[in-house]
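Beneath this line is the structure, given in structure tokens, with notes to follow.
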Number of protein chains: 2
Amino acid sequence: MGRVVQKYGGSSVADAESIKRVAKRVVATKQQGHDVVVVISAMGDTTDELMDLALQVSPLPPPRELDMLLTAGERMSAALLAMAIADLGMHARSLTGSQAGIITTGTHGNARIIDITPGRIVSAVDAGDIVIVAGFQGVAQDTKDITTLGRGASDTTAVALAAALNADHCEIYTDVDGIFTADPRIVPSARRIPKISYEEMLEMAACGAKILHLRCVEYARRENVAVHVRSSFSDKDGTWVTEAEKGSAMEQAIISGVAHDRGEAKITVVGVPDRVGEAARIFEAVAATEINIDMIVQNVSAVDTGRTDISFTLPKTDGTAAKAALEALRETVGFEQVLYDDQIGKVSVVGVGMRSHPGVTAKFFAALADAGVNIEMISTSEIRISVVVDQDDVDRAVVAAHTAFDLDSDSEAIVYAGTGR
Amino acid sequence: MGRVVQKYGGSSVADAESIKRVAKRVVATKQQGHDVVVVISAMGDTTDELMDLALQVSPLPPPRELDMLLTAGERMSAALLAMAIADLGMHARSLTGSQAGIITTGTHGNARIIDITPGRIVSAVDAGDIVIVAGFQGVAQDTKDITTLGRGASDTTAVALAAALNADHCEIYTDVDGIFTADPRIVPSARRIPKISYEEMLEMAACGAKILHLRCVEYARRENVAVHVRSSFSDKDGTWVTEAEKGSAMEQAIISGVAHDRGEAKITVVGVPDRVGEAARIFEAVAATEINIDMIVQNVSAVDTGRTDISFTLPKTDGTAAKAALEALRETVGFEQVLYDDQIGKVSVVGVGMRSHPGVTAKFFAALADAGVNIEMISTSEIRISVVVDQDDVDRAVVAAHTAFDLDSDSEAIVYAGTGR
């Protein structure tokens, strides 16, 4: 029996009763003979409440101080879980991110893990303790200040710890049963995916699936950590995220799942002169704002005008900043106008199986056409096809793709109100 | 202009508005040219609320984990105060007890400061920052675990920091105007004491005065740190606690103040055989329970019986444990019975002036007699006289002593509901 890292999100530890329930599960895992290390988030809405408190005191809190404040949340739940485990008769020890040896960059609010030096965890675990690590936090390498790790942090911390500790696997506990073939709230016949590859999970996460964050999956892939995503409210198996299975491509389901994303907007720069370098200038201007561009489409320039339109998608929240950056360029580049459309949605089908099965694109587009959904933009990778459609067509498109690729189950999925956090 | 350490208690930072008010005061001090280091308690009732949360999860939380949990409180208020100060345009940096270099013993829940290595504070202060230190906490020398410092901790931390930083003085902010000649809720004519010596303050604290904790005053005396106890709700001067002034004994007020304590009980061991060693055995038994005994009175043994009664006072909360320890000795020592009386109170007059003025005891006892108060036990030091009286006579005794020693002011003191914390 080896080491297991378990991560519990905020909804799994929302109150004293939930903490005691999690404690029972942790103790049961230890009793099976594993060495257990737990990464824990703050209780329920604690982080949001602390943020509110900060904004009451200052409209623009300094990032270093915000990290000092927010990290109180995970500290509290880690200590409480350790107490609950002790109450069940086992030794548990809580550690802050700093004490656990999680070394990060200095970017407060969005630090990255540079290294993990788990000496203190290993000593405690070898002495028979269950170790509880406060998630979402680390210590900056240079300043020794406490940092928070940005989005998807506790999941990433858990996977990173699993790698550093050579754990057998990493369990991510959440309030849904695992990764589904589509969002069960849109597709009642969606099924739990028993096993999915890192590459597919990366695409699903990048295309809007909200259970595991992109950073976490990338870390798992890089370090080859098997991740088991499951519900903290039941004992059912969830979804295993692992290396792609080799040699079974022929029996592989063609598509593993359908993801959707309502968080993007589309910008079209109309009438860009078709000269070398103009497209580059446009994207340099947007890049300077540090906005992440997702899909890009540039049409062949019209023969008569020598101009072309360039469209790209980006997070809605960055729309205003991008528009401003482009408007500033209008004179110099000489394009006609900037159009902004935030009434779009992105729908993607993901599957390693499409490498070895031709016709996936055709089948996808036929299903969309049959459902009366118009395609505005297309983007593909080796294992993913994404389309941008009108916002009001997203649900219909997801349902159509799910059925077309034989993903529907016979029974209805149990629909949770869970956020998957 | 040198360094100043300011300490703000929980009631001074009970909510966002209070924090902003404290920030203004801190900034004003800095603008006067001082280097400012602040020690801050948790907001309002946070510590009690965290304790409640712990008890919901486990009836007997492990001390190490309790410290990990409780220290979240001061961390939060330190970060929020730093944010509020930044909002006023100044640089502020919060530090945990550990980051501030407060090294302690390993006794969780009641750790003692062993040393302070303020390197990080000094760097920040020299760089022009206002430094906010989370009170009530430090780091254990051996285990590097976070510890909380027991009663009177934040005051003691502030004084200890003032000593380590060679500060000009230490300001303790509370919700009353300073140390009064008696509790204003009992004696409306009580006056604020402008200046009191360490020795007198030690006696006042030991005898029930609740504004400054004994440990804090002892530290200040040992390190010769001038302490200014004042209200965070006004700009008035408070009470300075400093070295006794030499050479002015003749003009010295005879009595500085009257303290009272309702927290003690009296135990009388009746009919102790008057043999060598019996009294010792009785007190060894009590000492083994680690109970702090306050006053002891042993009467001369009766000639005819060869037995004597021994009475002592102790905290009410320790009454049961002490009685049990003594009952267990009844056979071996051979005393008749153990009486327990928790309906007592202690009233003390304190003043360095009594060293050079005879007749203080007589005046005190005459005042009590005139007020119809019976004296049950007497205990004295060079600068203090304490009497044990019936619980219902405490207020009358305090008022009588206050008047007898000319401490009454002409106007009524403004009575706060403050707890002096």
Show me, for segment A:225-242, the HN-Hα J-couplings you get by feeding each phi into the Karplus relation (A = 6.51, B = -1.76, C = 1.60, θ = phi - 60°), rounded to Hz, glycine and proline as x. 9, 6, 10, 10, 8, 8, 8, 7, 9, 8, 9, 5, 4, x, 10, 8, 10, 9
What nm value, rounded to one decimal, do you get for the distance between A:A280 and B:K210 when each label is placed 7 Å out toward the C-beta? 7.6 nm
³J(HN,Hα) across segment A:135-145 via Karplus (A = 6.51, B = -1.76, C = 1.60, θ = phi - 60°), whole Hz, x for Gly/Pro? x, 6, 9, x, 10, 6, 4, 7, 8, 6, 7
Evaluate the charge dipole of segment A:88-144 about its Cα centre and quote only its size in Debye, nearest 20, assuming +1 on the Cβ of each Lys and Arg and -1 on the Cβ of each Asp and Glu. 100 debye
Determine the percent antiparallel among the DSSP beta bridges restricted to the protein assembly as shown, to the nearest 5. 60 percent
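Could you please put B:E200, B:E218, A:E290 in sequence from largest to smallest accessible area, using a 1.4 Å probe? Could the numbers behind the result be given before it?
Working: B:E200 5, B:E218 55, A:E290 160 Å².
Reading off the accessible areas and sorting them downward yields A:E290, B:E218, B:E200.
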For chain B, which whole-number percentage of the solvent-accessible area (1.4 Å probe, protein heavy atoms only) is attributable to carbon and sulfur atoms? 50 percent
Over segment A:2-175, what relative contact order in percent results from Cα pairs under 8 Å that are six or more residues apart? 31 percent
Going 7 Å from the Cα of B:K144 in the Cα-to-Cβ direction, what parts of segment A:69-101 have a backbone nitrogen less than 14 Å from that spot? A:95-101
P(r) histogram, all alpha-carbon pairs of segment B:183-328 included - 5 Å bins from 0, percent: 2, 8, 14, 15, 13, 12, 10, 10, 8, 5, 2, 1, 0, 0
Once R0 is set to 45 Å, what does the formula 1/(1 + (r/R0)^6) return for the Cβ-Cβ distance between B:A253 and A:D45, expressed as a FRET efficiency to the nearest 0.05? 0.20
Can you list the residues of segment A:74-104 that have at least 50 square angstrom less accessible area with all protein chains present than in their chain by itself, probe 1.4 Å? A:R75, A:M76, A:L80, A:M83, A:D87
Angle, helix A:360-370 long axis vs. longest principal axis of chain A, Cα atoms, 0 to 90°, nearest 10? 70 degrees
Leaving out ligands, DNA and RNA but keeping every protein chain, what accessible area does A:L69 have, in Å² rounded to the nearest 10, with a 1.4 Å probe? 0 Å²
Give the nm distances, rounded to one decimal, from B:A280 to the matching residue in every other copy, measuring between label points 7 Å along Cα toward the beta carbon; shortest first. 9.7
Using only Cα atoms, tell me the angle between helix A:46-57 and the longest principal axis of chain A; keep it within 0 to 90° and round to the nearest 10. 70 degrees
Using only alpha carbon pairs under 8 Å that are at least six residues apart, calculate the relative contact order of chain A and give it in whole percent. 15 percent
Any chance you could look up the accessible area of B:R396 with a 1.4 Å probe, heavy atoms only, rounded to 10 Å²? 110 Å²
Within straight cross-link reach of B:K30, meaning Cα distance under 14 Å, which aspartates and glutamates are found once same-chain residues fewer than 8 apart are removed? B:D126, B:D129, B:D168, B:E171
Which single residue of chain A puts its beta carbon nearest to the axis of rotation relating A to B, and what distance, in whole Å, does that give? A:A72, 2
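Note the full-extension length gain between A:E243 and A:T332 as 0.36 nm times their separation in residues minus their Cα-Cα distance, in nm to one decimal. Show your work: numbers first, answer last.
Working: separation 89, 0.36 × 89 = 32.04 nm, distance 4.86 nm.
Working it through step by step, the gained length comes to 27.2 nm.
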Per-residue SASA entry for A:H91, accessible area with 1.4 Å probe, Å² rounded to 10: 140 Å²
Segment B:121-256: relative contact order in percent, alpha carbon pairs under 8 Å with at least 6 residues between: 26 percent
In segment A:38-73, the residues losing 40 Å² or more of accessible area (1.4 Å probe, heavy atoms of protein chains only) relative to their chain alone are A:L53, A:Q56, A:V57, A:R64, A:E65, A:M68, A:L69
Semi-axes of the equivalent ellipsoid for segment A:267-421, Cα gyration tensor, largest first, Å: 34, 19, 14
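Please compare each pair in A:K144/A:K195; A:K20/B:K7; B:K246/B:K363 to a cut-off of 28 Å on the Cα-Cα distance and tell me which ones are over it. Don't skip to the end; give the middle numbers.
Details: A:K144/A:K195 40 Å; A:K20/B:K7 37 Å; B:K246/B:K363 25 Å.
From A:K144/A:K195; A:K20/B:K7; B:K246/B:K363, over 28 Å: A:K144/A:K195; A:K20/B:K7.
Counting only helical runs of four or more DSSP H residues, what would the 222 nm mean residue ellipticity of the protein assembly as shown come to if each run contributes -39,500 (n - 2.57) and the total is spread over all its residues?
Details: 24 runs with 276 residues, N = 842.
So the calculated ellipticity at 222 nm is -10000 deg cm²/dmol.
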Average projected area of the Cα convex hull of segment A:2-175, in nm²? 9.2 nm²
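At 1.4 Å probe radius, can you tell me the per residue accessible area of chain A in Å²? Provide the component values of the computation, followed by the final result.
Details: 17560 Å² over 421 residues.
Solvent-accessible surface per residue comes out at 42 Å².
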Using every alpha carbon pair in segment B:63-113, what percent of pairs falls into each 10 Å bin from 0 up to the bin containing the largest distance? 23, 44, 23, 10, 0
Using only the alpha-carbon atoms of chain B, report the extent along each of the three principal axes, biggest first, to the nearest angstrom. 80, 53, 36
Give the interface area between chains A and B as buried accessible surface, both sides summed, probe 1.4 Å, in Å² to the nearest 100. 3300 Å²
Probe radius 1.4 Å, ligands and nucleic acids left out: which of A:D126, A:D274 has the largest accessible area, and how do the rest follow? A:D126, A:D274
Over all Cα pairs of the protein assembly as shown, the Kirkwood radius sets Rh, and Rg/Rh then becomes 1.11
Sorting A:F180, A:F365 on solvent-accessible surface, 1.4 Å probe, most exposed first, gives A:F365, A:F180
Sequence order, segment B:331-346: Karplus ³J(HN,Hα) from phi using 6.51 cos²θ - 1.76 cosθ + 1.60, θ = phi - 60°, Hz rounded, Gly and Pro as x, gives 4, 4, 7, x, 7, 7, 7, 10, 9, 10, 10, 9, 9, 10, x, 10
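The values are calculated or read from the model by the stated rules, or taken from the named source; none is laboratory data. On a predicted model such as this, the values are computed, not experimentally measured, just so you know. Note: ideal-geometry Cβ built from the backbone for every residue, glycine included; neighbour counts use all protein chains shown. Surface accessibility is based on the protein's heavy atoms, side chains included, excluding ligands, DNA and RNA. Shrake-Rupley method; radii C 1.70, N 1.55, O 1.52, S 1.80 Å.
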